[in-house]
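Below is one structure, written out as structure tokens, with a few remarks after it.
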Amino acid sequence: MPITTDHVEIEHKPKLGGGGPGKTPHRHGYGGGDDGDHGKPHDFHSPKQRLYRLRILMGICLFSVTVLFVVLVAVYVFRLVGGRYDQDSHRQVQDWIPLKLPYFQLWMNSLMLMLSSMTLEAARRRLAKKEEFAAMGIVPPRMGWEAPWLGITLLLGLGFMAGQFLVWESLQHQGAYRIFNPSRSLFYLVTGVHAAHLVFGLVALAYAAFARRFLAATFDSQKIAIEITGWYWHYLAFLWFGIFALVHFARG
């Protein structure tokens, strides 16, 4: 009697990886060694990683700026208290002449810088909301007129710079350039260094405001620029009020 058997076909689960014809496409992080990417995620240039690295760099930058201004403040106070050494009399003499500061203009400058920090924060929050909609695959709704917060911030920053020039010009009209006065020199040094740092912030703000329109920058690049510039700008605003307090309470 002939022996009959049933032929059973065993379905084999396709192997991952490889890359040859007819095989399951390679999935990230699995499969053979032909791609060599197992355990190496391709997120080094992702927006999140870029923001993380730039935050570290900005932290180092702000630390360096802090050290610079601590040194300037120390020089300011030391010169105010110690005076200078006179070669003829062989003793310390006090040659510090208090400045008559244009307080109205200084307060106006302070107000513009404070408002610029508020408008920059408004711009950052609006972009954060748009990012939330984009993460859900939804086009952000446009609810009527949207204030150009970045443009307003840029104008307020330029207004602060113009106000600083008015302050320096006011001191010139007081005759501050005619005689040597360490209070005048150090006032220009401290406020001038602060203004120079603010120029870098204005350049970054200009990039954040116009890069998408004129340089074809991505939404993520604009958001990162605003995040990092926000740290820098808020710090300079805080620093300015410290400088204002210094030149007011340490006038001599």
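Just so it is clear, none of the values below were taken in a lab; they were calculated from the coordinates. What you see is a predicted model; the values in this text were computed from it and never measured. Here Cβ is always computed from backbone atoms with ideal geometry, including for glycine, and neighbour counts include all displayed protein chains.
Evaluated at 25 °C with a viscosity of 0.890 mPa s, what Stokes-Einstein diffusion coefficient in µm²/s does segment 47-249 have when Rh comes from the Kirkwood expression over alpha-carbon pairs?
Estimated via Stokes-Einstein, D reaches 127 µm²/s.
For Leu215 and Phe63 in the same chain, what is the full-extension length gain: residue separation times 0.36 nm, less their Cα-Cα distance, in nm?
Fully extending the segment from Leu215 to Phe63 adds 51.6 nm.
Rounded to the nearest 0.05, what FRET efficiency do Phe165 and Leu51 have when you use their Cβ-Cβ distance and R0 = 22 Å?
Efficiency, from the Cβ-Cβ distance: 0.05.
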